[in-house]
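**Student:** Here it is, the structure in full.
The values are calculated or read from the model by the stated rules, or taken from the named source; none is laboratory data. Quantities reported herein were computed from a predicted structural model and do not represent experimental measurements. Please note that ligands, DNA and RNA were not included when accessible areas were found on the heavy atoms of the full protein model with its side chains. Shrake-Rupley method; radii C 1.70, N 1.55, O 1.52, S 1.80 Å.
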Amino acid sequence: MNPFTRLSRLPAAAGNLIRDNARQYGMVIALVVIVVLFEILTGGLLLTPLNITNLIMQNSYILILAIGMMLVIITGHIDLSVGSVVAFTGAVSAVMLTSWGLPTPVVVPLALLVGALIGAWQGFWVAYVRVPAFIVTLAGMLVFRGATLAVLGGESIAPLPESLRTMASGFLPGPEALGLHLPTLALGAAGAAALVWIQWRQRARSRRHGLPTTPVAAAVGVSAAHVVVIMVFAHVLAGYNGLPLVGLVLLALIVGYAFLMRSTTTGRRVYAVGGSEQAAALSGIATQRTTFWVFVNMGALSALAGLVFTARLNSATPGAGTMFELDAIAAAFIGGASAGGGVGTVVGAVIGALVMGVLNNGMSLIGLGVDWQQLIKGLVLLLAVAFDVHNKRRAHSAGATVASTKRRWGRDRSPERSRE
């Protein structure tokens, strides 16, 4: 091993580790700062059990859309139609429930199927016909908004059956003790234990492959902080009726999609297509099929968000889902997605959606006007993307510096120089 390699390995590894942590935890830190700020400004109202429950319910459909949008953006595309698909699937579901008299257990899978078919239609044009996703989904936004008006006849359908409303407003059943919902506490403890196990398993795997890892003390501190946050959150929810059913759905989606993108071949293919579609095709990945199924997935998740939103409103309205696509896109970019594709995580999308949700809720609690709310949200989105661009430039500059140093060292150690 030459001297340059020995001297530069540790600083380079440390630099990479710091940059990775900055990207991973930058928005988490921002979320914590925003929560603390509004907790102070609202006089402690933000983190009350009732308000936390309302936060989950009010932002559940945006969280669902943000997960699907993150996958679309990772592949290097965009979907502007999700708000209209939310409205259309909600309208179709309301018609099936009220006019056709179908039961909720039948309507839910049918609505998801409708959303998946919409995603397949748009995915076909994007993946196989090669029409830009911006144009395809912009057309979809107009088509399905018009279809919503046609299905509803320009009027709202209400009320809806209790079985559907429970999806958005029900709570996890179970016993209570000392005023706390026991299943919620148990679920929080199980989730904390699983997260710690995953973290240390990944750390052990990195050590086996010779990859840089954080010191043991730092790893213990991070795991302990995660456990404390999860258990405090579970304790707060347990103090008010427990975990909402829609929160349970969100947990399943977050865990499932995070595993899909981090630990499966399908997830690696999605990242590969977004990083370089040509390189992915040359390596044997069916890039068109991958893009197609990403849009099918987005359609199905839009339908699920439509069901949740319709159930929460207890009505299907022509204006449902307005601007939802922008909220989902903002959540993805705030959570670390790159406009160039190939970068982003499901957890990042969730954090981005929570940042937007806490901002909305906190500004409403302190009585800030809608004009200022829109202004502040726009600035937060701009700063988040600027932060991502800055990190990429810094990483590129660091990589270029290391490469230049290696070339210069190689020239200095050439045989001619050595003889001199």
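**Student:** Can you give me the % of accessible surface on the chain that is carbon or sulfur? Probe 1.4 Å, all protein chains present, nothing else counted.
**Tutor:** 68 percent
**Student:** Could you tell me the accessible area of LEU182 in Å² (1.4 Å probe, neighbours in place), rounded to the nearest ten?
**Tutor:** Taking all protein chains as shown, LEU182 has close to 80 Å².
**Student:** On a 1.4 Å probe surface of the protein chains, which of SER81, SER163 comes out largest in accessible area, and what is the full order?
**Tutor:** SER163, SER81
**Student:** Cut-off 10 angstrom, C-alpha nodes, Gaussian network model of the chain. Which of THR310, THR89, THR213 fluctuates the most?
**Tutor:** For the chain, modelled as a Gaussian network with Cα springs under 10 Å, the answer is THR213.
**Student:** Tell me, how many Å apart are the Cα centres for region 245-299 and for region 149-172?
**Tutor:** When both Cα centres are located, 31 Å separates them.
**Student:** Right, another one. Send over a whole-number figure in Å² for the accessible area per residue of the chain, probe 1.4 Å. Intermediate values should be presented prior to the final figure.
**Tutor:** Values: 21130 Å² over 420 residues.
Accessible area per residue: 50 Å².
**Student:** Please arrange VAL273, VAL236, VAL36 by accessible surface area, largest first, computed with a 1.4 Å probe and ligands excluded. Don't skip to the answer; put the middle values down first.
**Tutor:** Values: VAL273 5, VAL236 35, VAL36 80 Å².
Largest to smallest exposure gives the sequence VAL36, VAL236, VAL273.
**Student:** If you don't mind, there's one more thing I want to ask. Can you bin region 98-172 into rounded, prolate or oblate? Criterion: square roots of the alpha carbon gyration tensor eigenvalues sorted a ≥ b ≥ c, rounded for a/c under 1.5, prolate for a/b above b/c, oblate for the rest. Mind showing how you got there, number by number?
**Tutor:** Numbers: a/c = 2.66, a/b = 1.84, b/c = 1.45.
Verdict is prolate for region 98-172.
**Student:** Still on this model: Using amide H atoms built in the peptide plane, which far-off residues or other-chain residues are under 5 Å from ILE285 H to H?
**Tutor:** none
**Student:** Convert each backbone phi in region 56-71 into a coupling constant with the Karplus relation 6.51 cos²θ - 1.76 cosθ + 1.60 (shift: θ = phi - 60°), then list the ³J(HN,Hα) values in order as whole Hz, x for Gly and Pro.
**Tutor:** Running phi through 6.51 cos²θ - 1.76 cosθ + 1.60 with θ = phi - 60° gives 5, 5, 6, 10, 4, 5, 5, 4, 4, 5, 5, 4, x, 5, 4, 5 Hz.
**Student:** Between PHE233, PHE295, PHE88, which gets the highest mean-square fluctuation from a Gaussian network model of the chain, Cα cutoff 10 Å?
**Tutor:** PHE233
**Student:** Something else now. Once phi is turned into θ = phi - 60°, what whole-Hz ³J(HN,Hα) does the Karplus curve with 6.51, -1.76 and 1.60 give for every residue of region 126-137, x standing for Gly and Pro?
**Tutor:** 6, 7, 9, 8, 6, 7, x, 4, 4, 6, 4, 6
**Student:** Give the accessible area for TYR271 in Å² (nearest 10); use a 1.4 Å probe, count only protein heavy atoms, and leave out ligands, DNA and RNA.
**Tutor:** Here the residue's solvent-accessible area equals roughly 60 Å².
**Student:** Taking only Cα atoms and a 10 Å spring cutoff, compute GNM fluctuations for the chain and point out the largest among ASP327, ASP371, ASP79.
**Tutor:** In this elastic network of the chain, the residue with the biggest mean-square fluctuation among ASP327, ASP371, ASP79 is ASP371.
**Student:** Rank HIS390, HIS226, HIS181 by accessible area, highest first, at a 1.4 Å probe radius?
**Tutor:** HIS390, HIS226, HIS181
**Student:** Here's something else I'd like to know. Convert each backbone phi in region 322-332 into a coupling constant with the Karplus relation 6.51 cos²θ - 1.76 cosθ + 1.60 (shift: θ = phi - 60°), then list the ³J(HN,Hα) values in order as whole Hz, x for Gly and Pro.
**Tutor:** 5, 6, 5, 4, 6, 5, 5, 5, 4, 4, 5
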